[in-house]
Amino acid sequence: MDRQYYIFDADTHMSPYENFEGSIHGEEWEAKMCAAGVDRALAWLLPQEVQDVSESNAYIYENAKKNPRVLPFGWANIKEGLEKAKQDARTCLLEYGFQGVKLNGAQNEYYIDSPEALEVIGVIAKLGGMTAFHIGADYPEFTDPRRAQKAARMFPKMPILMVHMGGAGDPDVSEAVIEIARENPNMYLVGSAIGVDKVRRAIDILGPDRVLFGSDTPFYDVEKVKEEYFQMLASYDEETTAKVMGLNAKRLFGIKTEEGR
């Protein structure tokens, strides 16, 4: 049934390292996406034990050059120094041609609305990129959705990806994420590492246009998560299903495909 849909996974990782037990290289990433019937997927680095994000950003870039399934996103870590973080953002957007840069205050341990973080986001916005935030219950102080709201209001024309939409821990803070997203139309919710019942609530409150399917590969199995999404979406019309599973991302990232789906 799902073969008629364009499938875009808006949260996956790959790594050049064996930096933790679940490390996944580009070849294994491709095998997982292909087996799951994913047409294209946003890919960023795997942050565990990474001391220099520049190396991983370059690895994502090299994989994207040879694999059209990869939609590459960068990473900037202000704990590596503000100037380096700004340069990493510039490199990703200007040299590599990435569409955006992720800031992860959870893994990298900083407040996502700190002056330094906002300065990096300002660079991203100026260059026409998108910003992605880890928004999780695992480090709620660093990644509180109200902190993301500061960036959303400072740069209202810049799309902001709210990755995990308050999940990645218990109790999740998805209700706060959804309410804040209601007030900030440039926020897009990526429903990874969170129960599909919370994704359903986001669809019901926000509508289907700003909710994106995401698996958080390799932390979760993409085939299993995709099936959970289709089961949850079975009570919606085909248009809603198509939007959440891929067409929202296709529109957001300006993806053009020969098959016209």
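Taking Asn19 as meeting all but one of (1) at pLDDT 95 or above; (2) touching an Asp or Glu at 6+ places or on another chain (Cβ under 9 Å), write down the number of the exception.
The one condition Asn19 does not meet is (1).
Can you pull out every residue in segment 7-23 that is buried (at least 19 other Cβ atoms within 10 Å of the Cβ) and either under 21 Å from His134 (Cβ atoms) or touching a Ser or Thr at 6+ places or on another chain (Cβ under 8 Å) (or both)?
Hits for segment 7-23 are Phe8, Asp9, Ala10, Asp11, Thr12, His13, Met14, Ser15.
Regarding segment 205-215, can at least one residue be identified that is part of a helix (DSSP H, G or I), more than 19 Å from Ser235 (Cβ to Cβ), of a type in the set (Lys, Arg) and in contact with a strand residue (DSSP E or B) (Cβ under 7 Å, 6 or more places away or on another chain)?
If we filter segment 205-215 for residues that are part of a helix (DSSP H, G or I), which is where we start, we get 205-206, 208-210.
Remaining after also requiring more than 19 Å from Ser235 (Cβ to Cβ): 210.
Filter once more, keeping what is of a type in the set (Lys, Arg): 210.
Restricting the remaining residues to those that are in contact with a strand residue (DSSP E or B) (Cβ under 7 Å, 6 or more places away or on another chain) gives 210.
Yes, the conditions are met somewhere in segment 205-215.
Suppose we keep only residues that are acidic (Asp, Glu), under 15 Å from Val196 (Cα atoms) and out of contact with any helix residue (DSSP H, G or I) (no Cβ under 7 Å at 6 or more places or on another chain) within segment 216-248. Which one would you say is surrounded by the most Cβ atoms within 10 Å (Cβ to Cβ)? Please lay out each step first, then the result.
Taking segment 216-248 as the starting set, the residues that turn out to be acidic (Asp, Glu) are 216, 221, 223, 227-228, 237-239.
Narrowing further to those that are under 15 Å from Val196 (Cα atoms): 216, 221, 223, 227-228.
Pick out the ones that are also out of contact with any helix residue (DSSP H, G or I) (no Cβ under 7 Å at 6 or more places or on another chain) and you get 216, 221, 227.
Numbers: Asp216: 23, Asp221: 14, Glu227: 13.
Going through the qualifying residues, I end up with Asp216.
What number goes with the only condition from (1) among the hydroxyl-bearing types (Ser, Thr, Tyr); (2) part of a helix (DSSP H, G or I); (3) closer than 24 Å to Ser15 by Cα that Tyr220 does not pass?
Result: Tyr220 fails condition (2) only.
Show the residue pairs meeting these rules: Cβ distance below 7 Å; 6+ apart or different chains; first residue within segment 242-259 and modelled with pLDDT under 95; second residue not in a loop (DSSP other than H, G, I, E, B).
If the second residue must be not in a loop (DSSP other than H, G, I, E, B), no pairs are left.
Among what's in segment 28-53 and is among the β-branched types (Val, Ile, Thr) and not in a helix (DSSP H, G or I), pick the residue that is surrounded by the fewest Cβ atoms within 10 Å (Cβ to Cβ). Spell out the reasoning first.
If we filter segment 28-53 for residues that are among the β-branched types (Val, Ile, Thr), which is where we start, we get 38, 50, 53.
This time we only want the ones that are not in a helix (DSSP H, G or I), so: 38, 50.
Values: Val38: 24, Val50: 20.
Only one residue fits best here, namely Val50.
Is it the case that Ser215 is farther than 17 Å from Tyr6 by Cβ, out of contact with any Cys (no Cβ under 8 Å at 6 or more places or on another chain) and of a type in the set (S, T, N, Q)? Lay out the reasoning, then the answer.
Numbers: farther than 17 Å from Tyr6 by Cβ: no; out of contact with any Cys (no Cβ under 8 Å at 6 or more places or on another chain): yes; of a type in the set (S, T, N, Q): yes.
No.
Pairs under 6 Å by beta carbon, first residue touching a residue at least 24 places away in the same chain (Cβ under 8 Å) in segment 215-233, partner surrounded by fewer than 16 Cβ atoms within 10 Å (Cβ to Cβ), six or more apart or different chains?
Pro218/Gly22; Phe230/Asp2
Considering each residue of segment 54-73, count those that are open to solvent by 50 Å² or more (accessible area, probe 1.4 Å) and either among the acidic types (Asp, Glu) or not in a helix (DSSP H, G or I) (or both), and give that number.
Total meeting the criteria: 3.
The values are calculated or read from the model by the stated rules, or taken from the named source; none is laboratory data. Fair warning: this is a prediction, and the values are worked out from it, not measured in the lab. Quick reminder, even Gly has a Cβ in these numbers, built from the backbone with ideal geometry, and neighbours come from all protein chains shown. What goes into the accessible areas is simple: the full protein's heavy atoms, side chains included, and nothing from ligands, DNA or RNA. Shrake-Rupley method; radii C 1.70, N 1.55, O 1.52, S 1.80 Å.
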